[in-house]
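The values are calculated or read from the model by the stated rules, or taken from the named source; none is laboratory data. This structure is a prediction, so every number in the text was calculated from the model and none was measured. Heads up, the Cβs are rebuilt from the backbone with ideal geometry, glycines too, and the neighbour counts pull from every protein chain shown. Accessible surface areas use protein heavy atoms only, side chains included; no ligands, DNA or RNA. Shrake-Rupley method; radii C 1.70, N 1.55, O 1.52, S 1.80 Å.
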Amino acid sequence: MKRTLAIAALAGSLLAAPVFAKDPILIGVPVGLSGANSVVAPSVVQAAELAVDQINAKGGVLGRPLKLVVADDASGAVGAQKAFDSLVFQKNVNVLISMETSAARNAGLPIVAKGKIPYIYTSFYEGHACSPYLYVDAWVPEQQVPPVVDYLKDKGAKTYFLIGSDYAFGRGMLGFARKYIDKTGGKVVGEEYLPMDGTDWTPIISKLKASGADALITSTAGGAPNVTLTKQLRNSGVTIPYANLAVDEGTAKSMGKDAAGILISASYITGIDSKANKDFMAALKKKFGDKTRTPNDLSVPQYEGVYLYAKAVEKAGTTDTRPVLKALGEVSFTGPRGTISMNKQHHAPLTMYLGQVQDDGSVKVVKSFKNVDPGAQCPKL
Amino acid sequence: MSDATLDTAAEPGRRRSRMRHLWVLALIAAGLMIAGPLFLDRFTVNVLTRSMIFAILAVTVDLLWGFTGILTFGQAAFFGAGAYATAMVLTHLGSTPGLMVLGLVLSIVLPVLLAAAVGWLTFYPGSTDFYATVISLVVPIVVTQVIYSGGTWTGSSSGLVGYVGLDLSLGGFFRLAGLSLVAVVVVALIFVRSDAGRVLTAIRNNETRCAYLGISTQKVKIALTAVLAAVTGYAGFLYANASGVVAPENAGFVFGTQLVVWTALGGRGTVIGPALGAVAIDYLSAQLSGQMPFLWQLVIGTLFVAMIIFMPNGLAALATGWRRMRRGEDGFSPQLVALPPRAARVPADGDSPLLRIEKLEKSYGSQKVLEDITLQVRRGELVSLVGPNGAGKTTLMRCMTDGKAASGGTVRIHGTSISGMVPDQIVARGIGRKFQVASVFDSLTVAECLRMARVSHEAPSFLRSADSLSLPQAAIEILRLTGLDQHLGRAVSLLSHGQKQSLELAMVVSLEPELILLDEPTAGLTAAERATIGQVLMKLTSELGLAAILVEHDLDFVRDISSRIVVLHQGRLVLDGTVEEVVNDEIVKRIYSGGDHV
Amino acid sequence: MMAPPHSKESRQMTLLLDIITTAAILFIIATGLLTIFGVLKIINFAHGAWLTVGAYCAVAVGDLGWNPWAALPVAFVTGAALGGLTERFIVRPLYARPLDAILATWGLGIIIGQLITLGFGRDVQFTKALLPGTADVFGTSYSVYRLFALAAAIAIGLGFSWLMEGTRLGLSARAVIMNEALARALGLDTRRIRWVTFMIGCGLAALAGTLLTPLTSVDPNMGVAWLVGSFMLVMVAGQSFAALALACLLLGGAQVIVSTYVSPILGGITVAVLAAVVLRISPKGFSRV
């Protein structure tokens, strides 16, 4: 009895999954399984696994299955070198698709250049990373900041206070915000940074309160510093409109009531009302059950990145680097975030959503902005 | 007798063959480095290139921590400084051969300057081991912060990337890093086996004794830090070129702790152990941490703790321990050579006293330990300092050898006040001090201890360990009288209490001082040993013209050898006279009979 | 949309409150480390891990649905129990090797961090706010929780003075601080005193971790950021709680002033750099206070 069941199950699985005669196409995913990014990394890996499963279920790419090879980059430069070396030269992957810290991406780029394979970067970042091998399907400051500032301005804010962590992303985002605020007639009355591992924001908060600013925009390192700053802001009774450029839905949830009212600007929010998004969320739930990690603005670009690569390989008819790189700038894919095409100097125009965190930690879409242009990121490409 | 000659003839031969082994191993290692890229895959070549650069750092950590006892997390900062110097030149100026040389020079000069400043801050007379560790934590934190705040100059958190480095293939970098590592290991091994290298161990063992042998331990430590920063900076140069990227974490304190972990697991104090440890652990982590990052760190953490507790000297120490056991207990015995007697520093111009103490005071808060001490000592005198416990005898000795100890009054040697001088400066003026509890170097051999006493007179070789040991005749005589000349190669930790006392005396005499201070040199010795020491002291003073001050409880011994006796009671000098005068004095009798309130 | 820029007086009041409460928080964080260093002459580099353990006690108490204040005793007991094991198996063999003790406890910190990660995951954890909102202090609105932290610091300071001055244990501990050999000769069980002291130190560290939860993110690495600062303060303070209070007030105050008037980035390294300089000039730090 048992045996017949087993055979039936085997037959079933054979029927369900196409059998591939050819070698798989290897997708390297260097990601921060440990270190700062380890909070978000599991959701990124899940998104990639789902995309690979879905594509393989439909026959793979050029008759070949996709296969993920995940490696830990420890969220930093040294770990990234090991991860990239291992993926590029040991596992001989065909492509790298991954969300990583800027330091890890930078550390990996020379290795990618030596290995001469495509690299799709799926994390939002401070912009202007350029390499012939690099494509980006997530947002840059030019796309994320204007919706926030415009919204605050509409609500009557004239003076702004900027707070960030002292690192490339924090400074890059707020530097762009300052320029944009100046351009649109607002005034920045304070811009303060704390070291990445700083724990006490008190003097900055006191300055903020003393400045009498109408609105607050923050861009800290993800995770811990963000939570610490928000808790301390709330403890000190700061109630002015507060836009957080670095918070994701999951972190907002873990902060509970402290996060209520925070404005966030993202290319993906779970509440996007589209069929593609609902299908995606359902598929994720079906595959991972109660182990599902909430999808977010870092994991969804990863999901779409895999699809974009698959499309590019189909279009090029090969996994050879040169034609695939050319095709990556031409193909498009409609996913949870809408239709994505990395056709602007290796970056992608994106629909941006302005959301507000509710008392229960969920994010309500306040406004959306169609196809925001990334601007001139890499004029030389 | 013929045995001994045979032995000393065989010893240098054995050591020469050991040196030959080192060179053969070095050549084999260098050969492997050159051939490596031919049979290793590209991944292994890349990972090992970086691991070997890190191994260079581990060797520097070992020299500082394993040999000299300075626990440092700061090597990462010097490494980062070197790497960033190179990357910033290549990024902002360009990468012509001339600029590459500039990058190399800066990658060495900057860390050296930084290290010299840090060394000055860290190592001052009286600084503690903890303080050195504190500073070694602060430096990487500050350097990392500077990098973060450097904007486009340093690339902030993203680091610098995209510059054009040395035009070498992957294999070329492997060979460069590998040969550099072999060179650093060989030079480090030659150094630690040389006479100069033993100074590091001596400092780790007993820094006070080093200072009282006239060795400026602070200068040695600062110089060591600076030189190793140069090596570290060069490693940073290699890294910036080989990896094509530099990032703040390269300079951070977490990386600094990692270096210490590798060094500990590889085996501190062995040079090769930390180098192999760094390469092995870094390579393994590249292989394994991808699958189980948290578990991997858990395993490393657990191993590290276990190693620190149960095997503080690491795996490599087991091997060396075994080798030592197989070879027998004794190390190398050099041949003793007598130095010609040297002329006095200041010509004996009649009667000017060697030591003149005027109105010396020492107090702790409101408590006066010494008060109004005035005393002179001339050459040829053997002055005994007696008095009950707590009279201030040891404190007085300390005030004579540490210019910062006294609270008031002056101590002059040859007419110069020692106020503010540190012990090694005072020792250089002709004072030698023997402590109450024998203060020697437990990790060295008898001969090595004696050589330490000569370091301030003749600079030790950085390349080799000398076959002969030149000592003043008087020191050799002490060794002969006590039989230590037969055990020059014996580890000090194996000596008896009396032998250690004699060894320390021989060390102090080897300094060729003009005034010797001895704090209870005969405590715990047998009657025979005591007689020997007395004999030696008499000879030093009456025949060689040295002066000596002796703290002693044994009045019979004092009576036999002293030319003068000084009585100290409750911090005051109550009597200063000949043996006869003192022994027959009523006050002294009262003090010693117990009714001690004068 | 917000009150007009604060008056000069109000700003000075805020600065004063910032300084005092920052000092209070630093004091709370460093007491556990000082207790251990003062008596045992050992630096517990796993201190950061104990802060983390305390914070996760708050998380666990929240998960169990208990009153959030219950986290304080739970953290103290958990910290002390783990501390007792640590002293017995890791620290005890290392009393003669203080530098090795630093390393072994650092390694232990790594182990605890990884175990917490394996148990609770890497994510930032949610804890209930203990005392939200602000209060009016002489016309300046100020965080209630920071004012509470000030009270907590004073309570810990006084409690500890009582423990040291008014109890048998304190007397024994002071005897060990002054002269361990003599204390042993007088028949004190110094081994037991060390053990209990280490437990109390770890208990205090965990307690501090719980007290931190409303002010900081709770994640497996949260303690490390506080470690170096506490370490520096304790090096400056030596063995005395009064000296620690002074060090927190002076160095913490300097941190706030530098952050307010120069740059928060420089403020972030103020404590470490100043402590190093103080120790260079006066190797005994403030310990003679």
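Restricting attention to segment B:488-499, report how many residues are touching a residue at least 60 places away in the same chain (Cβ under 8 Å) and surrounded by fewer than 21 Cβ atoms within 10 Å (Cβ to Cβ).
4
Residues in segment B:381-420 that are open to solvent by 30 Å² or more (accessible area, probe 1.4 Å) and assigned to a loop (DSSP other than H, G, I, E, B): 12 in all.
When only residues in segment C:262-280 that are over 18 Å from B:VAL134 (Cβ atoms) and either modelled with pLDDT of 90 or more or within 9 Å of another protein chain (Cβ to nearest Cβ) (or both) count, which is most open to solvent (accessible area, probe 1.4 Å)?
As a first pass, look at segment C:262-280 and keep what is over 18 Å from B:VAL134 (Cβ atoms): C:262-267.
Narrowing the set further to residues that are either modelled with pLDDT of 90 or more or within 9 Å of another protein chain (Cβ to nearest Cβ) (or both) leaves C:263-267.
Details: C:SER263: 28, C:PRO264: 4, C:ILE265: 19, C:LEU266: 87, C:GLY267: 1 Å².
Within segment C:262-280, the match that is most open to solvent (accessible area, probe 1.4 Å) is C:LEU266.
Total residues in segment C:118-147 satisfying the condition of being part of a helix (DSSP H, G or I) and more than 10 Å from chain A (Cβ to nearest Cβ): the figure is 4.
Taken as a whole, segment C:196-208 holds at least one residue that is part of a helix (DSSP H, G or I), within 14 Å of chain A (Cβ to nearest Cβ) and crowded, with 23+ Cβ neighbours inside 10 Å. Scanning segment B:274-289 for residues that are at pLDDT 90 or above and of a type outside the set (Val, Ile, Thr) yields B:PRO274, B:ALA275, B:LEU276, B:GLY277, B:ALA278, B:ALA280.
Going through A:PRO65, A:PRO30, A:PRO42 one at a time, which residue ends up being modelled with pLDDT of 85 or more and surrounded by 24 or more Cβ atoms within 10 Å (Cβ to Cβ)? I'd like the intermediate steps shown before the answer.
Details: A:PRO65 fails: surrounded by 24 or more Cβ atoms within 10 Å (Cβ to Cβ); A:PRO42 fails: surrounded by 24 or more Cβ atoms within 10 Å (Cβ to Cβ).
The match here is A:PRO30.
Within segment B:489-499, count every residue that is in a loop (DSSP other than H, G, I, E, B) and either in contact with a Lys or Arg (Cβ under 7 Å, 6 or more places away or on another chain) or not polar (S, T, N, Q) (or both).
Of the residues in segment B:489-499, 3 are in a loop (DSSP other than H, G, I, E, B) and either in contact with a Lys or Arg (Cβ under 7 Å, 6 or more places away or on another chain) or not polar (S, T, N, Q) (or both).
For segment C:125-152, filtering for residues that are open to solvent by less than 20 Å² (accessible area, probe 1.4 Å) and aliphatic (A, V, I, L, M) leaves 2.
The combined condition, being more than 25 Å from C:THR105 (Cα to Cα) and either within 14 Å of chain A (Cβ to nearest Cβ) or out of contact with any helix residue (DSSP H, G or I) (no Cβ under 7 Å at 6 or more places or on another chain) (or both), is fulfilled by C:VAL256.
In segment C:8-33, the residues that are more than 11 Å from chain A (Cβ to nearest Cβ) reach residues that are open to solvent by less than 10 Å² (accessible area, probe 1.4 Å) and hydroxyl-bearing (Ser, Thr, Tyr) with C-beta atoms within less than 7 angstrom, at least six apart or across chains, in these pairs: C:ALA30/C:SER230; C:LEU33/C:SER230. Among residues of segment A:157-179 that are closer than 18 Å to C:LEU266 by Cβ and of a type outside the set (Ser, Thr, Tyr), those with a beta-carbon under 7 Å from a residue that is in a strand (DSSP E or B) and open to solvent by 20 Å² or more (accessible area, probe 1.4 Å) at least six positions away or on a different chain give the pairs A:ILE163/A:GLU192.
Looking at the structure I just gave you, is A:VAL306 farther than 22 Å from A:PHE124 by Cα and buried (at least 22 other Cβ atoms within 10 Å of the Cβ)? It would help to see each step written out before you state the result.
Details: farther than 22 Å from A:PHE124 by Cα: no; buried (at least 22 other Cβ atoms within 10 Å of the Cβ): yes.
No, not satisfied.
Filtering A:PHE369, A:PHE333 for residues that are under 26 Å from A:ALA252 (Cα atoms) and either over 15 Å from the mean Cα position of the chain (by Cα) or surrounded by fewer than 17 Cβ atoms within 10 Å (Cβ to Cβ) (or both) leaves a single hit, A:PHE369. Pairing each residue of segment B:109-128 that is of a type in the set (Val, Ile, Thr) with any residue that is in a helix (DSSP H, G or I), provided the two are 6+ apart or on different chains, yields C-beta distances under 6 Å for B:VAL112/B:ALA226; B:VAL112/B:ALA229; B:VAL112/B:ALA230; B:VAL118/B:VAL139; B:THR122/B:ALA132; B:THR122/B:ILE135.
For segment B:371-380, enumerate the residues that are assigned to a strand (DSSP E or B) and under 22 Å from B:GLY415 (Cβ atoms). Those that are assigned to a strand (DSSP E or B) and under 22 Å from B:GLY415 (Cβ atoms): B:ASP372, B:ILE373, B:THR374, B:LEU375, B:GLN376, B:VAL377. Scanning segment B:446-471 for residues that are out of contact with any Ser or Thr (no Cβ under 8 Å at 6 or more places or on another chain) and either within 22 Å of B:VAL551 (Cβ to Cβ) or among the hydroxyl-bearing types (Ser, Thr, Tyr) (or both) yields B:SER456, B:SER468, B:SER470. In segment C:1-14, the residue that is modelled with the lowest pLDDT out of those that are more than 30 Å from A:LYS155 (Cβ to Cβ) and in contact with a Phe, Trp or Tyr (Cβ under 9 Å, 6 or more places away or on another chain) is C:GLU9.
Taking each residue of segment A:134-154 that is assigned by TED's automatic domain parsing to the domain that holds A:ILE262 and open to solvent by 10 Å² or more (accessible area, probe 1.4 Å) and looking for partners that are part of a helix (DSSP H, G or I) and of a type in the set (Ser, Thr, Tyr) with beta-carbon atoms closer than 8 Å, six or more apart or interchain, yields A:PRO146/A:TYR180. Just a yes or no: is a residue in segment B:206-225 at pLDDT 95 or above, part of a helix (DSSP H, G or I) and within 14 Å of chain A (Cβ to nearest Cβ)? The answer is no; no qualifying residue exists. Every condition in (1) away from chain B (no Cβ under 12 Å); (2) in contact with a strand residue (DSSP E or B) (Cβ under 8 Å, 6 or more places away or on another chain); (3) on the phi > 0 side of the Ramachandran plot is met by A:VAL136 except one, and the failing one is (3). Only a single item in (1) hydroxyl-bearing (Ser, Thr, Tyr); (2) away from chain B (no Cβ under 14 Å); (3) open to solvent by less than 30 Å² (accessible area, probe 1.4 Å) is not met by C:SER161, and it is number (3).
A Cβ distance below 7 Å, combined with a sequence gap of six or more or placement on separate chains, defines the contacts here; from segment B:148-169, residues that are more than 9 Å from chain A (Cβ to nearest Cβ) and within 14 Å of A:ALA129 (Cα to Cα) reach residues that are open to solvent by 50 Å² or more (accessible area, probe 1.4 Å) and assigned to a helix (DSSP H, G or I) in the pairs B:TYR163/B:THR91.
Hand me the list of strands (runs of 3 or more DSSP E) wholly inside segment B:500-598 holding 2 or more residues that are open to solvent by less than 50 Å² (accessible area, probe 1.4 Å) and in contact with a Ser or Thr (Cβ under 7 Å, 6 or more places away or on another chain).
Numbers: elements: B:515-519, B:547-551, B:564-569, B:572-577.
Filter on segment B:500-598 gives B:515-519, B:547-551, B:564-569.
Scanning segment A:121-147 for residues being over 17 Å from A:ILE269 (Cβ atoms), of a type in the set (Asp, Glu) and part of a loop (DSSP other than H, G, I, E, B) gives a total of 1.
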